[in-house]
1. Work through the residues other than T92 whose Cβ is under 15 Å from its Cβ and net out their charges, Lys, Arg +1 and Asp, Glu -1.
2. In nm, to one decimal, how far is the S58 label point from the L85 one, both placed 7 Å along Cα→Cβ?
3. So if we plug the beta-carbon distance of C100 and W39 into 1/(1 + (r/R0)^6) with R0 = 22 Å, what FRET efficiency do we get, rounded to 0.05?
4. Among 67-78, 48-59, what's the highest-first ranking by average C-beta atoms within 10 angstrom per residue?
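Coordinate-derived values only; no laboratory data. This structure is a prediction, so every number in the text was calculated from the model and none was measured. Note that we place each Cβ from the backbone using ideal geometry, even for glycine, and neighbour counts take in every protein chain shown.
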Amino acid sequence: APVLPGVPAPSAASRPGRVPAAPPRFALPPPSPPPPAAWLALQLTALDVSDNRLTDISPVRVCLHLRSLRASFNRLATAALTPVLGLRHLRTVAFNDNPCAAPPAATHQVGQGAPGAGPGHP
């Protein structure tokens, strides 16, 4: 094939019938797998599972650092709340609009007594 002035001649790799050389390979480490779900649950401090038609929240028992749990608008009975009792860091809960909640506004600070209780109130 004729070579045009100012245009470089094709390399041997770009000629018909030739396979171009593979690009250089770099040794990259494989990507790290995501942390196990149990590890993530241990680090969790706030969880909102509201409006999910849940009847059981027992998986929260592994969330040892959980400070806030919102589980409103589900189907949680009083017995379903047992796993929450062992969470010593839990400070705020919301279970309103569940069968376990009566009256409908069952949101308060854990460890501060019943809503409205304070100095001078029983």
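1. Combined, the nearby Lys, Arg, Asp and Glu give +3.
2. Those two pseudo-labels are separated by 1.5 nm.
3. Rounded to the nearest 0.05, the efficiency is 0.15.
4. 67-78, 48-59
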